[in-house]
Amino acid sequence: MSNTLLLLLSIGPLAMVLAMIASQRVGEVNDAYTGEVTGRWVSSSTGTYGPTGHCMMRIRTEEGRELTIKVNSRTYQSLGVGDRVVKAPGARWPVRSE
């Protein structure tokens, strides 16, 4: 009995953290906006497997929100500061608006 209780108490917080991460990802994918790229940079860090880089962009939406998002390298290369972008619901990354 005590082993089962200990197992539940140790798995509970992990399950809550995983649920929070999953809900945040869903929110990012379902988010929709149009705006302009106001900044972009690559941040790097050294982890267990060596150096890693993260492509980041800052976007000012037409509603006035300032978003800082992590994008893949293809999106980073295709968009520059001053580009107008649109992100549709369900799309992972913003794209250049036409």
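The values are calculated or read from the model by the stated rules, or taken from the named source; none is laboratory data. What you see is a predicted model; the values in this text were computed from it and never measured. Cβ placement follows ideal geometry from the backbone for every residue including glycine, while neighbour counts extend to all protein chains displayed. Side chains are part of the model used for accessible areas, which takes the heavy atoms of the whole protein and leaves out ligands, DNA and RNA. Shrake-Rupley method; radii C 1.70, N 1.55, O 1.52, S 1.80 Å.
Only one of (1) at pLDDT 85 or above; (2) open to solvent by less than 50 Å² (accessible area, probe 1.4 Å) fails for GLU36. Which number is that?
Among (1) at pLDDT 85 or above; (2) open to solvent by less than 50 Å² (accessible area, probe 1.4 Å), GLU36 violates only (2).
Considering only residues that are without any contact (Cβ under 8 Å) to a residue 24 or more places away in the chain and surrounded by 16 or more Cβ atoms within 10 Å (Cβ to Cβ), which ones fall in the stretch 39-56?
CYS55, the sole residue that qualifies.
If I go through the stretch 73-96 residue by residue, how many of them are small (Gly, Ala, Ser), in a loop (DSSP other than H, G, I, E, B) and surrounded by 11 or more Cβ atoms within 10 Å (Cβ to Cβ)?
3
Name the single residue that is nearest to the chain's Cα centre (by Cα) among those in the stretch 42-72 being among the basic types (Lys, Arg) and in a strand (DSSP E or B).
LYS70
Does LYS70 fit the bill of being surrounded by 11 or more Cβ atoms within 10 Å (Cβ to Cβ), in contact with a His (Cβ under 8 Å, 6 or more places away or on another chain) and at pLDDT 80 or above? So that I can check it myself, show each step before the final result.
Details: surrounded by 11 or more Cβ atoms within 10 Å (Cβ to Cβ): yes; in contact with a His (Cβ under 8 Å, 6 or more places away or on another chain): yes; at pLDDT 80 or above: yes.
For LYS70, the condition - surrounded by 11 or more Cβ atoms within 10 Å (Cβ to Cβ), in contact with a His (Cβ under 8 Å, 6 or more places away or on another chain) and at pLDDT 80 or above - is met.
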